[in-house]
Amino acid sequence: QVQLVESGGGLVQAGGSLRLSCAGSGSIFRINAVGWYRRAPGKQRDVVATLTSGGNSNYADSVKGRFTISRDNAKNTVYLQMNSLKPEDTAFYYCYAAGLSMIGSNVEYWGRGTQVTVSS
């Protein structure tokens with residue numbers, strides 16, 4: 001069974017940095033896209049950053065210029081480097097992967113998430 005496990009969350013002061021990691025286990029035939037989403041208390045889950053297999057990355061306006069998504073295929077790991085963190089970045093962050101199974105069906109997976117708290 002495919003599983004995504006996030007790590008790297010924690011408490012950091014405003015202006016600091018964190019790097020989130022998402023390690024995948026199991027097998028997906030083709031990964032078309034990976035990404036990070038977040039949900040703050042009282043708000044909907046919003047996309048933070050995405051990265052397609054073609055190398056196209058997109059970022060939410062609120063994090064553009066501060067966050068960077070990357071992928072290490074050999075390690076089956078996706079990263080989110082977060083710099084210049086703000087209290088408004090406080091949220092539960094989720095890793096996401098989508099692609100095709102061996103039989104050609106569309107599949108998507110979510111990690112359980114990791115908490116990021118940015119203090120003033």
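The values are calculated or read from the model by the stated rules, or taken from the named source; none is laboratory data. Please read these numbers as outputs of a predicted model, since none were measured by experiment. Positions of Cβ are backbone-derived with ideal geometry, glycine not excepted, and every protein chain shown enters the neighbour counts. Note: accessible area is taken over every heavy atom of the protein model, side chains too, but ligands, DNA and RNA are not part of it. Shrake-Rupley method; radii C 1.70, N 1.55, O 1.52, S 1.80 Å.
Every residue in segment 1-16 that is in a loop (DSSP other than H, G, I, E, B) and touching a strand residue (DSSP E or B) at 6+ places or on another chain (Cβ under 6 Å), please. I'd like the intermediate steps shown before the answer.
Within segment 1-16, the first condition is being in a loop (DSSP other than H, G, I, E, B), and the residues that meet it are 1-2, 8-9, 14-16.
Val2, Gly8, Gly9, Ala14, listed by residue number.
Of all residues in segment 81-92, count the ones that are in a strand (DSSP E or B) and either surrounded by fewer than 14 Cβ atoms within 10 Å (Cβ to Cβ) or not small (Gly, Ala, Ser) (or both). Final tally of qualifying residues: 3. Candidates are the residues of segment 42-80 that are farther than 18 Å from Glu6 by Cβ, modelled with pLDDT under 95 and part of a loop (DSSP other than H, G, I, E, B); the one that is least open to solvent (accessible area, probe 1.4 Å) is Gly55.
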